[in-house]
Each structure stands twice: as C-alpha cells, then as structure tokens.
Amino acid sequence: MALILRRAAMKGFSGAVPTVLGLEAGLYLWALFAAAGLAALVAASEVAFIVLRVVGAGFLLYLGVKAWRTAWLSRKAGTGLELHDGTPSSSTHGWSKAFGEGAVVMLANPKAAAFMIAFYPQFVPGDRPLFATTALLALLQVVIEIALYLTLAAVVGRAGAWFRRPAVRRRLDAVSGTVLIALGLRMAAETR
C-alpha cells in the first residue's frame, strides 16, 4: 500500500498503474504457485521461508532508504528545486522498473505464499480441478484488487499537484521511507 500511495502521489495515476499491476502479477503468481504445490513447499521449508523473508525485507529496506535519500537530497537542494527520483513514469524503462518493484515486493513476501495456501483450498470444491479453479479464483481476486488499488491511486493522483510541492514531497518521501523501512525490519524480525 505504501508503495502504491507513494507512486500515485509522486507520479500521478499513470505512474502508479505499473506498480499496482506488478504487485497483482506477483500475487497471481503466488496463487498459481500455491495451486502447483510450490507455495506449500516454501511454507514447509524453513530455509526457503527465511530466504524469502530476508530478500523481501532487504528490498523493502532498499526502497525505504531510497525514499529517505530522495527526501534528504531535496532538502539539501532547497525548497525551490524539485528533485526527480529518476523513475520516469512515461518511459518504457520507468514503467518496467515500477512494475518490477511491485512484483518483487509481492514475490519476496513469504506471508503471501502462506496466505495463498491457507485461503484458496477452502474455496475449491472437491470435484473441481485444483489448479484451474485456483487460477480462476485468483484472477477474480486480482481483478477486484486492481480496481480497488487503481481507484485509490486515482484519488491520490488527483491531489498530485499538492503532493509534488517540494516541502510536501520531502515529508511524503520521509514518511513513506520510514514506513517501508519499518515494514522491512518487521519482516526481517518475523518468525512463522
């Protein structure tokens, strides 16, 4: 959520779209992994769980430090100069980078794997094929979440001019960096 809000505030609605799609692509892959049994393996394997937890925590920490750095550099540059964080929302590179960030955040989250294992099996009737039914249910979840997150991004994006004011942007970068770092530390410290 912090990633979506930050992207929508800084890049507008169109800047948040690839992040939302990346997060949801990662979620859909976890659902498919759950149906194929891979997510159960991750949930059962202490080593795989720890590796995913450390990678996920590291990536959240990276994103948080990057946001803090942007806030710090814009403060040093003065309020009259608005720094660009290096992620052009209109270019193909910027789009793929934002999509990739969203996908990595979701795929490096072992809790997403555990959720998929616990959530979907209870909704798959015994006479239905597990993989196909899980894929369909996950698609429905992804479509609903995309609609909700894009609505949120549109609302935040509408207020984008206010969020992009240098003083507000610095505060938003500092707050979102703090939230991402806190989430990364929490993920690193979590046990099953």
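The values are calculated or read from the model by the stated rules, or taken from the named source; none is laboratory data. Because the structure is predicted, anything quoted here is derived from the model rather than measured. No Cβ is skipped: glycine too gets one built from the backbone with ideal geometry, and neighbour counts run over all protein chains shown. Note: accessible area is taken over every heavy atom of the protein model, side chains too, but ligands, DNA and RNA are not part of it. Shrake-Rupley method; radii C 1.70, N 1.55, O 1.52, S 1.80 Å.
For region 132-160, filtering for residues that are open to solvent by less than 80 Å² (accessible area, probe 1.4 Å), in contact with a Phe, Trp or Tyr (Cβ under 9 Å, 6 or more places away or on another chain) and under 14 Å from Leu32 (Cβ atoms) leaves 7.
Gly37 meets the stated requirement of being at positive phi and free of Cβ contacts under 8 Å to residues at least 12 places away in the same chain. Scanning region 67-76 for residues that are at pLDDT 70 or above and open to solvent by 40 Å² or more (accessible area, probe 1.4 Å) turns up Trp68, Arg69, Trp72, Leu73, Arg75. Within region 4-28, the set of residues being open to solvent by less than 20 Å² (accessible area, probe 1.4 Å) and within 15 Å of Glu145 (Cα to Cα) comprises Ile4, Ala16, Pro18, Thr19, Val20, Gly22, Leu23, Glu24, Gly26, Leu27.
Considering region 36-54, and only residues there that are in contact with a Pro (Cβ under 9 Å, 6 or more places away or on another chain) and modelled with pLDDT of 80 or more, the residue that is nearest to Asp173 (Cα to Cα) turns out to be Arg53.
Scanning region 98-115 for residues that are among the aromatic types (Phe, Trp, Tyr) and under 13 Å from the mean Cα position of the chain (by Cα) turns up just one, Phe99. For region 161-175, which positions are within 25 Å of Gly26 (Cβ to Cβ) and surrounded by fewer than 17 Cβ atoms within 10 Å (Cβ to Cβ)? Scanning region 161-175 gives a single hit, Val175.
Every residue in region 163-177 that is part of a helix (DSSP H, G or I) and either free of Cβ contacts under 8 Å to residues at least 24 places away in the same chain or not polar (S, T, N, Q) (or both), please. Within region 163-177, Phe163, Pro166, Ala167, Val168, Arg169, Arg170, Arg171, Leu172, Asp173, Ala174, Val175, Gly177 qualify.
Examine region 105-128 for a residue that is under 28 Å from Arg75 (Cα atoms), part of a helix (DSSP H, G or I) and either polar (S, T, N, Q) or in contact (Cβ under 8 Å) with a residue 40 or more places away in the chain (or both), and state whether such a residue exists. I'd like the intermediate steps shown before the answer.
Here is the first cut: in region 105-128, the ones under 28 Å from Arg75 (Cα atoms) are 105.
Those left that are additionally part of a helix (DSSP H, G or I): 105.
Next, only the ones that are either polar (S, T, N, Q) or in contact (Cβ under 8 Å) with a residue 40 or more places away in the chain (or both) stay: 105.
Yes; the residues of region 105-128 include at least one that is under 28 Å from Arg75 (Cα atoms), part of a helix (DSSP H, G or I) and either polar (S, T, N, Q) or in contact (Cβ under 8 Å) with a residue 40 or more places away in the chain (or both).
Test Gly64 against the criterion of being at pLDDT 85 or above, surrounded by fewer than 16 Cβ atoms within 10 Å (Cβ to Cβ), small (Gly, Ala, Ser) and within 19 Å of Thr178 (Cα to Cα), and give yes or no. Against the criterion (at pLDDT 85 or above, surrounded by fewer than 16 Cβ atoms within 10 Å (Cβ to Cβ), small (Gly, Ala, Ser) and within 19 Å of Thr178 (Cα to Cα)), Gly64 does not qualify. What single numbered condition from (1) hydroxyl-bearing (Ser, Thr, Tyr); (2) in a helix (DSSP H, G or I); (3) surrounded by fewer than 17 Cβ atoms within 10 Å (Cβ to Cβ) fails to hold for Thr191? Exception for Thr191: condition (2). Apart from one condition, Leu180 fits all of (1) open to solvent by less than 90 Å² (accessible area, probe 1.4 Å); (2) under 22 Å from Ala35 (Cβ atoms); the exception is (2). For region 77-94, the count of residues that are at pLDDT 85 or above and surrounded by 15 or more Cβ atoms within 10 Å (Cβ to Cβ) is nonzero.
Among the residues of this structure, Ala135 does not count as one that is in contact (Cβ under 8 Å) with a residue 60 or more places away in the chain, within 30 Å of Lys11 (Cα to Cα), of a type outside the set (Lys, Arg) and part of a helix (DSSP H, G or I).
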